[in-house]
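Right, one structure below, let's go through it.
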Amino acid sequence: MIQSKSMRTQEKVFFAIAVALLMACSSLLADANSDPWTPAQTVQPAALAKELESPKTAPMVVFVGFARLYTAGHIKGAQYHGTTSKEEGLKEFTTWAASLPRTSNLVIYCGCCPMDRCPNIRPAFQALQGLGFKQVRVLMLPNDFATDWAGKGLPYDKGN
């Protein structure tokens, strides 16, 4: 069967579009599954609990999730300055953070849901990095706060 020149051109265009779409989709998936922090920029729950026992050297802990979860229970001494998945919350958070020395030792956490789907932790981390903070760590709560912190008997404040 002999194909016309225009059919071959259409097939080439279709193939080029398909390849471009596949590349774009794989790039988006890679970005969605990659975290903006390195392993050195994380802390495990038990290690953070131990750090918090020494008030002189303890990091500042900041909850970046939903206000109702903070009021239901949060790490002892954790501060709340906005839900970072929402524009107004991210603005509140960055305004607060802008007033801190860039050498501040910060640990951020959310714990609203499994960490790989958390809408809050990545914007908060990226905002702090963008402001020039060098000592920012992410508390690793792979499942949620209830399971990975409270459920393990680590200290937290119930309610606000």
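No value in this document is a laboratory result; all are computed from the given coordinates. The structure displayed is predicted, hence computed values, not measured ones. Here Cβ is always computed from backbone atoms with ideal geometry, including for glycine, and neighbour counts include all displayed protein chains.
Numbers below:
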quantity: Cβ-Cβ FRET estimate between residue 53 and residue 126, R0 fixed at 25 Å, reported to 0.05; calculated: 0.25
quantity: If the convex hull is drawn through the Cα atoms of region 39-157, its volume per residue in Å³; calculated: 95
